[in-house]
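The values are calculated or read from the model by the stated rules, or taken from the named source; none is laboratory data. All figures in this text were calculated on a predicted structure; none of them were measured in a lab. Please note: Cβ atoms are built from the backbone with ideal geometry, for glycine as well, and neighbour counts cover all protein chains shown.
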Amino acid sequence: MLLARQRLIEGCAAFAAFTLTIPVANWMIGQVGTTCVPAGPCLIPVAPGLMAPSGVVMAGLALVLRDLVQRRLGFWAGVVAIAVGGLISMVLAPAAIVVASATAFLLSELADLLVYTPLQRRHFVWAVVLSSTVGLAIDSAIFLQLAFGSQAYLPGQIVGKLWMVLIAIPALAWLRRRDDRIGLQPA
């Protein structure tokens, strides 16, 4: 009973955080950066000489959080999270990027789901890393093409999102060890 309650609380927290990444990413693209391109995105440095639209930070985090939603609440909760996130993206994205944001989000998160699901029970951390990597590549290519008609920021998008996935690895490894120690199984 206590473990089921803990799984539900953690799953709901991951679900809420996941859905918040979408409007924050869309807001950041137009408001936060070291450089804001006229009629284009605000950019942040992600590596020496490499820039990316600032929403990259939240987009990378969203891929990890979706996997956590599925781990805690189950496959269908992950699907619902994608649907809710897609709706939020369509409703809250600035008009100039609404199609790009929603399309890239839905396709990348579905790819993440398809890669993560068969791997997650035996190799949780690697499942998150691999599924997020596939998702971030799809998200980056689709978003940039639809939003800006260019792949100019593709390397920066990929690197920026990958940083978020890599930063999450210690927390994911800790979560897996903790789950094993207390006997909390994936949903």
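Odds and ends about this structure:
- Scan segment 1-56 for residues that are assigned to a loop (DSSP other than H, G, I, E, B), within 20 Å of the chain's Cα centre (by Cα) and touching a residue at least 60 places away in the same chain (Cβ under 8 Å) and the total you get is 1.
- Cβ-Cβ distances below 6 Å connect the following pairs, each with a first residue in segment 160-182 that is surrounded by 19 or more Cβ atoms within 10 Å (Cβ to Cβ), a second residue that is modelled with pLDDT of 95 or more and of a type in the set (Gly, Ala, Ser), and a separation of six or more residues or different chains: 165/132.
- Boolean, residue 23 is under 25 Å from residue 146 (Cα atoms) and at pLDDT below 95: yes
- Checked against (1) buried (at least 16 other Cβ atoms within 10 Å of the Cβ); (2) modelled with pLDDT of 95 or more, residue 118 passes all but a single condition, namely (1).
- The listed residue being part of a helix (DSSP H, G or I), crowded, with 21+ Cβ neighbours inside 10 Å, small (Gly, Ala, Ser) and at pLDDT 90 or above, out of 140, 89, 101: 140
- Note on segment 69-84: residues that are surrounded by fewer than 24 Cβ atoms within 10 Å (Cβ to Cβ) and at negative phi amount to 9.
- Any chance residue 31 is crowded, with 16+ Cβ neighbours inside 10 Å and among the polar types (S, T, N, Q): no
- For residue 131: the one exception among (1) more than 18 Å from residue 57 (Cα to Cα); (2) buried (at least 17 other Cβ atoms within 10 Å of the Cβ): (1)
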